[in-house]
1. Could you give me the ³J(HN,Hα) list for the stretch 68-77, computed from phi with Karplus coefficients 6.51, -1.76, 1.60 and θ = phi - 60°, whole Hz, x at Gly and Pro?
2. Could you pull out every residue, at least 5 positions away or on a different chain, whose amide H is within less than 5 Å of the one on V30? Hs are placed 1.01 Å off N in the peptide plane, and Pro or chain starts have none.
3. Starting from the Cα gyration tensor of the stretch 275-320, take the square roots of the eigenvalues, sort them a ≥ b ≥ c, and report rounded, prolate or oblate (rounded when a/c is under 1.5, otherwise prolate if a/b is larger than b/c, else oblate).
4. What does the extension gain come out to for I203 and D295, with contour length at 0.36 nm per residue minus their alpha carbon separation?
5. Computed over the Cα atoms of the stretch 156-298, what is the ratio Rg over Rh, Rh following Kirkwood?
6. Take D342, project a point 7 Å from its Cα along the Cβ direction, then tell me which residues of the stretch 9-27 have their backbone nitrogen under 15 Å from it.
7. Can you tell which of W174, W51, W42 shows the greatest fluctuation in a Gaussian network model of the chain with Cα springs below 10 Å?
8. For the stretch 156-298, give the magnitude of the charge dipole about the Cα centre (Cβ charges: +1 Lys/Arg, -1 Asp/Glu; no others), in debye to the nearest 20.
Amino acid sequence: MKAAVFHGVEEPLQIEEVEPPTVEDDQIIVETEACGICRSDWHAWKGDWSWIGVMPTDGLIFGHEPAGTVVEVGDNVERFREGDQVTVPFNLSDGTCHHCRNGRGNICEQVVPLGFLKMAPGAFAERFPVRKADHNAIKLPENVDPVDVAALGCRFATAFHGLAHRVDITPGDWVAVHGLGGVGLSAVHIADALGANVIGIDIIDEKLDKAEELGADETLNANDVKDVPQAVKKFTESSRGVDISVDALGVAETCQNAVNSLGKGGQHLQIGLTTSEEGGNVSLPVDNIVMDERDFKGSFGMPPNQYEEIFRMMDRGKIDPGKIVTETVPLEEVPEVVQSMDDYETVGIPVCNEF
């Protein structure tokens, strides 16, 4: 089968013929119909995240935002049959640990990230395996577009889990989203659907325009102001600051700006992971966080049991991940799209849908 294969940090991914996966007892094999091309793929390709144990090795197949059709079923799998359309979270869990048993499989003690380790080859390929399929795989509703489901990926799902479950949004709250890549635009769309007043912040006008299309009430080009947090606060009543801030990029400047744009009692949601420049560490105004009783929370993917909430909102037209998809490409163009993310100019979510 064809796959996009990693052969070294910043070496172009290679489209190669590789052996197809063979099914194990607890697995399903999925024929890929669509897979999002994510900045997380770019991070791994750049050699980031060794400080959190992500160290891609030669021959790895990336791709962790898939949708497809089951073509093989392991002997011990009970919930799935050939022909089922499915998606999976990128953070595959074991279904047995304390966190899995309490509905938080996304932070499983034995989590295996799809497309980042050899034991879980990813979906930039004609087929990919899913471990612990009865726990991890998610059957899709009828009549959904695989490209729309690929847009859920890690970006939309992480933003949804963060905004719907990790922070408390009340309709009318002010939410500032710093960084309008795929996950940031997802956060704008979701916060709007949850009834918030949304501010989108970036340095690229095209991304700001897209944020307005997705529900942003206000936008701000960070290059146009000297003090981003104060400019953000001016959008709120009496310049009191936002109720919820989101850092959707993961660089020190956006994280600090996001935290500093909060009002008293505000909540910060971190959904962007850092690059090698930060190495996982960002300095923060701890005294102000303490004295203002601000909260700082993270969101890492989404547990399998929460996908039904997204499907219900999609069915009712409240959210539409497909609106964030701006490009579809064949497998042969995946290496070029990953490399192009160096300039941070990618708008929305690119999806591979030809294998």
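1. x, 10, 5, 10, 9, 10, x, 4, 9, 7
2. The list, which skips near neighbours in sequence, is V71, F128, V130.
3. prolate
4. Between I203 and D295, full extension yields 30.5 nm more.
5. Here Rg/Rh amounts to 0.92.
6. 9-13
7. W51
8. On the way: 10 positive and 23 negative charges, 62 e Å.
In debye, rounded to 20, the stretch 156-298 gives about 300.
Only the coordinates and a few stated rules stand behind these numbers; no lab work does. Worth saying up front: this structure is predicted, and the values here are computed from it rather than measured. Here Cβ is always computed from backbone atoms with ideal geometry, including for glycine, and neighbour counts include all displayed protein chains.
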